[in-house]
Amino acid sequence: MTLVLLLAIPLAGALLLARCRGAVATAAHAATAALTLAAAVGVAVSVNREGVLSALDGFLRADALSGWMVALVGLVGALAAAEAPRYVTGATARRFYPLFHVFVFTMLLAVTTDDVGLMWVAVEGTTLASVFLVNFERTRASLEASYKYLLICSVGIAIAFLGTVLVYFADVRLFGDEAHALRWTTLLRLAPGLPPRVVELAFVFLVVGYGTKAGLVPMHTWLPDAHSEAPAPVSALMSGVLLSVGIYAILRFKPVVDLAAGPRFAGRILLALGLLSMAVAALFLWTSLNFKRMLAYSSVEHIGIVCLGLGFGGAWGVTGAILHIANHALAKSVLFLLAGRIRAAYGSAEIAAVRGLLAALPRTGGGFLA
């Protein structure tokens, strides 16, 4: 019931906000964000106490990893929601607030379902909900960024679909019409008997597909444009938790691949992509003239660090990666929110245009420096 409530709150809030205007819309938006955060904390606490939560005949399921991700999505969503009214006018509230909470809903659904197919649908849903938010300002640059984001991520998620189909093919071919064949619990139980070569091929498709959503190099090309053109609360959500949802999908498939084909195959791929992402992002960090693009490339680098931990594997590697997901979610979301305030104050996101920040905006400048 806790999981159903967690998903029902942002969805119901989005439907309500589609009809609200003015101060009522702002109040409903704040209430939805607060209730979503409370439900997310409730799920995380319940998972910590009970181990695993399930609902709807196991269709929804939250274990320790899900609880971790739910807490992060709820917290970053609340931070972004608190800043959102700065970017919304009376005329745009009915466009921004509903999409914002649908975006949060799709991310929460992706990390709380036990069904691989539904997770794929939810990850695609994050793209469809957020693409209109990227183009919220309706400038030529934001339109181009949103189109690029939609095109590249849709191709990526289509590739992830091929990987999912291959996993299902390997499952059905070997075990026949196994009940709930595309649930994580079933896949983990059957993984040692799955054909290694098919599972390895599936993982390549899955890493490319969900790695596109996570912003891994070389599938990252949508990310700097989308993050720099989106309103700051949307950038905070996209960088803070959306990228981690892509990593979450890869992390869910990794134990299946490890059991079917051994740990080296997936580990080597993740190590290579992690190092490549860190190296390419570091080069662009030095050359970025726009501070929002700089933060976007920093996100690519940090997702590379997470992949590096997953590639090392073992208790220390995976624990470090999961801790760094939280570190990046909290730090980068706050940085994007502060960057939005700096851009509003100076009228530009160019680094050269910002001078005397600590004197002009001591709290914002001090927070950004910290």
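A straight chain from Ala8 to Leu151 at 0.36 nm per residue would run longer than the Cα-Cα distance by 48.5 nm.
With the largest listed first and rounded to whole Å, the semi-axes of the equivalent ellipsoid of the range 104-261 from the Cα gyration tensor are 32, 14, 12. Under the convention that each Lys and Arg Cβ holds +1 and each Asp and Glu Cβ holds -1, the size of the dipole of the chain around its Cα centre is about 860 debye.
Counting only lysines at least 8 places from Lys148 when in the same chain, those with an alpha carbon closer than 16 Å to its own are Lys213. In terms of its alpha-carbon gyration tensor, the range 257-341 comes out oblate; a/c meets the 1.5 threshold, while b/c is at least as large as a/b.
For the chain, with equal point scatterers placed on the C-alpha atoms only and solvent neglected, what are the log10 I(q)/I(0) values from the Debye formula at q = 0.06, 0.10 1/Å, to two decimals? So the normalised log intensities are -0.21, -0.60.
Over the range 182-309, the fraction of Cα-Cα pairs per 10 Å bin, rounded to whole percents and listed from the shortest bin up, is 13, 42, 27, 14, 4, 0. Across the range 222-370, the volume of the C-alpha convex hull divided among the residues equals 97 Å³ per residue.
GNM remark for the chain: springs join alpha carbons under 10 Å apart, and the peak mean-square fluctuation among Val52, Val199, Val207 falls on Val52.
Positive contributions from Lys and Arg (+1) and negative ones from Asp and Glu (-1), summed over other residues with Cβ under 15 Å from the Cβ of Glu50, come out at +1. Phi angles across the range 211-228 convert, under the Karplus curve 6.51 cos²θ - 1.76 cosθ + 1.60 with θ = phi - 60°, into 3J(HN,Hα) values of x, 4, 5, 7, x, 6, 6, x, 9, 8, 5, 6, 5, x, 5, 5, 5, 7 Hz, Gly and Pro given as x.
Based on Cα contacts under 8 Å between residues 6+ apart, the chain shows a relative contact order of 15 percent. When all alpha carbon pairs of the range 71-145 are counted in 10 Å bins from zero, the resulting P(r) reads 19, 44, 30, 7, 0 %. Taking the convex hull of the alpha carbon positions in the range 182-223 and averaging its projected area over all directions gives 3.6 nm². Remark: C-alpha extents of the range 54-188 on the principal axes read 55, 30, 20 Å, sorted largest to smallest. In the elastic network of the chain, a GNM with C-alpha springs shorter than 10 Å, the most mobile of Gly304, Gly240, Gly58 is Gly58.
Is the range 224-283 rounded, prolate or oblate when judged by the Cα gyration tensor, a ≥ b ≥ c being the square roots of its eigenvalues, rounded requiring a/c under 1.5 and prolate requiring a/b larger than b/c? Oblate, because a/c is 1.5 or more while a/b does not exceed b/c. When the helices of the chain are scored as -39500 (n - 2.57) per DSSP H run of n ≥ 4 and the total is divided over every residue, the value at 222 nm lands at -26500 deg cm²/dmol. Which values of log₁₀ I(q)/I(0), to two decimal places, follow from the Debye formula for the range 131-174 at q = 0.14, 0.19, 0.20, 0.27 Å⁻¹ with a uniform point scatterer at every Cα? Taking Cα atoms of the range 131-174 as identical point scatterers yields -0.47, -0.61, -0.64, -0.84. Applying 1/(1 + (r/R0)^6) with r as the Cβ-Cβ distance of Ser46 and Tyr168 and R0 = 45 angstrom yields a FRET efficiency of 0.90.
Since every read-out is calculated from the coordinates, none of them should be taken as a lab result. Quick caveat: nothing in here was measured; it's all calculated off a predicted structure. Note that each Cβ is placed from the backbone with ideal geometry, even for glycine, and that neighbours are counted across all protein chains shown.
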